[in-house]
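These notes concern the structure reproduced below.
The values are calculated or read from the model by the stated rules, or taken from the named source; none is laboratory data. Values in this document were obtained by computation on a predicted structure and should not be read as measured data. Please note: Cβ atoms are built from the backbone with ideal geometry, for glycine as well, and neighbour counts cover all protein chains shown. All accessible areas refer to the heavy atoms of the entire protein, side chains included, with ligands and DNA or RNA removed. Shrake-Rupley method; radii C 1.70, N 1.55, O 1.52, S 1.80 Å.
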Amino acid sequence: MPECASTNTEAHELLYKNGATDGCVIVAGAQTGGRGQRGNAWDVEPDKNITLSVILKPTFLEAQHQFSLNIAVSLAALDLLQEYLPTGASLKWPNDLYYRDQKAGGILIENSVSGRFLQHSVIGIGLNVNQVSFAHPRATSLALLTGQPLALPKVISKLLENLERRYLALRSGAAEAQKREYLQHLYRYQEWHPFEVAGQVKQGQITGIDSAGRLAVLLEQKLQFFQFQEIKFVLPD
């Protein structure tokens with residue numbers, strides 16, 4: 001579709017109308033109300049970037065292990081970045097796509113649970129591809145990083161192929177292997193950096209993630225676990 005408020009919102013409407021099949025993809029040229037984690041806005045120029053959502057029905061995955069889906073999707077997006085950027089790409093917990101200290105994209109996954117298992121998942125992916133001017137100084141794009149514009153349909157096709165491959169691997173039992181790979185590419189993993197916790201800046205070291213997807217950080221010689229927005233990365237100016 002040329003434009004919508006949010007591809008994730010469109011995906012949810014399809015689900016509520018029973019019109020969505022497993023693997024259904026909604027692609028928009030522009031979003032007027034794109035969302036990131038915790039309701040943060042995601043603003044992009046029309047027809048220059050990836051703004052899409054995929055509907056999956058991962059009924060094999062227990063709700064307590066739902067972060068495994070985040071990992072699989074994140075790795076699929078990372079695979080795409082690494083095809084164009086062999087070095088420097090990473091995954092910033094929980095769902096940001098980074099090149100060095102700059103943000104190239106983000107992922108928003110909204111799950112519905114039935115009993116112990118996931119019922120369906122709406123996976124929103126935003127990736128800066130051909131946009132070269134941003135209001136946020138930390139934003140970047142594939143075009144800026146590679147020095148050339150890219151064929152957007154081809155990039156989208158590659159992303160969806162990666163997503164299918166990573167998802168099928170998860171379904172076949174690759175969760176632990178994918179988690180190890182995720183940690184290998186995790187932004188600032190096992191490095192000492194400043195973090196903001198409860199309004200205070202402290203030096204910490206990311207040591208991993210638990211089964212619920214909480215970030216494990218060693219702070220003041222004590223290992224602590226954080227949910228989304230309970231800890232902030234202090235980034236360079």
Problem set entry | Extreme residue, most open to solvent (accessible area, probe 1.4 Å), among residues of the stretch 139-160 that are within 19 Å of Tyr98 (Cβ to Cβ) and polar (S, T, N, Q) | Thr146
For this session: Report, by residue number, each residue of the stretch 140-155 that is touching a Lys or Arg at 6+ places or on another chain (Cβ under 9 Å) and in a helix (DSSP H, G or I).
Result: Ala143, Leu152
Exercise. Does Gln131 count as touching a Lys or Arg at 6+ places or on another chain (Cβ under 7 Å) and part of a loop (DSSP other than H, G, I, E, B)?
Worked result: yes
For this session: Tally the residues that are open to solvent by 30 Å² or more (accessible area, probe 1.4 Å) and either within 15 Å of Ser112 (Cβ to Cβ) or in contact with a Lys or Arg (Cβ under 6 Å, 6 or more places away or on another chain) (or both), restricting the search to the stretch 65-79.
Result: 1
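When the residues of the stretch 80-93 are filtered to those that are in a loop (DSSP other than H, G, I, E, B) and open to solvent by 20 Å² or more (accessible area, probe 1.4 Å), which remaining residue is farthest from Tyr189 (Cα to Cα)? Give the derivation first.
The initial filter retains those residues of the stretch 80-93 that are in a loop (DSSP other than H, G, I, E, B), namely 85-88, 93.
Checking which are open to solvent by 20 Å² or more (accessible area, probe 1.4 Å) leaves us with 86-88.
Numbers: Pro86: 19, Thr87: 16, Gly88: 14 Å.
Filtering first and then ranking leaves Pro86.
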Seminar exercise, completed: Conditions (1) among the hydroxyl-bearing types (Ser, Thr, Tyr); (2) under 29 Å from Asp22 (Cα atoms); (3) open to solvent by less than 50 Å² (accessible area, probe 1.4 Å); (4) in contact with a strand residue (DSSP E or B) (Cβ under 8 Å, 6 or more places away or on another chain) -> Thr59 fails only (3)
For this session: Answer yes if at least one residue in the stretch 156-179 is of a type in the set (Val, Ile, Thr), modelled with pLDDT of 95 or more and part of a loop (DSSP other than H, G, I, E, B), and no otherwise.
Result: no
Exercise. Out of the stretch 180-224, which residues are buried (at least 18 other Cβ atoms within 10 Å of the Cβ), under 18 Å from Ile109 (Cα atoms), in contact (Cβ under 8 Å) with a residue 40 or more places away in the chain and not aliphatic (A, V, I, L, M)?
Worked result: Tyr182, Gly213
Exercise. So is Ala77 in a helix (DSSP H, G or I) and in contact (Cβ under 8 Å) with a residue 24 or more places away in the chain or not?
Worked result: yes
Exercise. Limited to the stretch 214-233, what total is found for residues that are in contact with a helix residue (DSSP H, G or I) (Cβ under 9 Å, 6 or more places away or on another chain) and at pLDDT below 95?
Worked result: 2
Exercise. Regarding His193, is this residue in contact with a Lys or Arg (Cβ under 9 Å, 6 or more places away or on another chain) and either assigned to a strand (DSSP E or B) or not aliphatic (A, V, I, L, M) (or both)?
Worked result: no
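To keep it simple, each residue is scored yes or no on (1) without any contact (Cβ under 8 Å) to a residue 40 or more places away in the chain; (2) touching a strand residue (DSSP E or B) at 6+ places or on another chain (Cβ under 9 Å); (3) crowded, with 17+ Cβ neighbours inside 10 Å.
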residue: Glu110; (1), (2), (3): no, yes, no
residue: Leu118; (1), (2), (3): no, yes, yes
residue: Leu127; (1), (2), (3): no, yes, yes
residue: Val132; (1), (2), (3): yes, no, no
residue: Gly173; (1), (2), (3): yes, no, no
